[in-house]
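Colleague: Take a look at this one; I'll ask things after.
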Amino acid sequence: MNQAVSFLRKIAWWEAVSYLVLLFVAMPLKYMAGIPVAVKVVGSIHGLLFVVFGLAWLRVLITCGWPLGRAALVFVASLLPFVPFLLDARMEEWAKER
């Protein structure tokens, strides 16, 4: 179960990084430099990482028995820039619970 939370932390980190790259690199390249392919590439990578995050989140919810409120907090955090980084230390504590 520790492995499931550890993987969720890693994929949440990568998903958050891809989200920031999409917002602060790819989008400006598209709208300020006229390079729309940046959003297609980074957006596709981000989308794939989000799907993997969702599956990892579901795995933790099922195998670790996280309370629904905790699971909801982690999911909502994944939708907001920078918040997954703030929640990472707390997730590490939750991984040590069992």
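The values are calculated or read from the model by the stated rules, or taken from the named source; none is laboratory data. What you see is a predicted model; the values in this text were computed from it and never measured. As a convention, Cβ positions derive from the backbone with ideal geometry for all residues, glycine included, and neighbour counts pool all protein chains shown. Keep in mind that these areas ignore ligands, DNA and RNA; they rest on the heavy atoms of the full protein, side chains included. Shrake-Rupley method; radii C 1.70, N 1.55, O 1.52, S 1.80 Å.
Colleague: Springs between alpha-carbon pairs under 10 angstrom, Gaussian network model over the chain: which of Pro84, Pro67, Pro36 fluctuates most?
Modeller: The residue with the greatest mean-square fluctuation here is Pro67.
Colleague: For n ≥ 4 DSSP H runs only, could you compute -39500 (n - 2.57) per run for the chain, divide by its residues and tell me the 222 nm figure to the nearest 500?
Modeller: Numbers: 5 runs with 78 residues, N = 98.
After summing the helix terms and dividing by the residues of the chain, the value is -26500 deg cm²/dmol.
Colleague: If you take the square roots of the eigenvalues of the alpha-carbon gyration tensor of region 32-98 and sort them as a ≥ b ≥ c, do you get rounded (a/c under 1.5), prolate (a/b over b/c) or oblate?
Modeller: prolate
Colleague: What nm distance separates the two modelled labels at Leu23 and Phe85, each placed 7 Å from Cα along Cα→Cβ?
Modeller: 1.0
Colleague: OK, next. Out of the total accessible area of the chain (probe 1.4 Å, heavy atoms of protein only), what percent is carbon and sulfur?
Modeller: Solvent-exposed carbon and sulfur of the chain make up 72 percent of the total.
Colleague: Provide the per residue accessible area, probe 1.4 Å, for the chain, rounded to a whole number of square angstrom.
Modeller: Ligands and nucleic acids excluded, the result is 61 Å² per residue.
Colleague: Something else now. How far, in nm, would the chain grow between Lys10 and Val41 when pulled straight, counting 0.36 nm per residue and subtracting the alpha carbon separation?
Modeller: My answer for the length gained is 9.0 nm.
Colleague: Any chance you could look up the accessible area of Phe85 with a 1.4 Å probe, heavy atoms only, rounded to 10 Å²?
Modeller: 70
Colleague: Need the list of lysines near Lys10 for cross-linking: C-alpha distance under 19 angstrom, and skip anything on the same chain fewer than eight residues off.
Modeller: Lys96
Colleague: Something else now. For the chain, what is the charge dipole size about the Cα centre, in debye to the nearest 20, if Lys and Arg each add +1 at the Cβ and Asp and Glu each add -1 at the Cβ?
Modeller: 120
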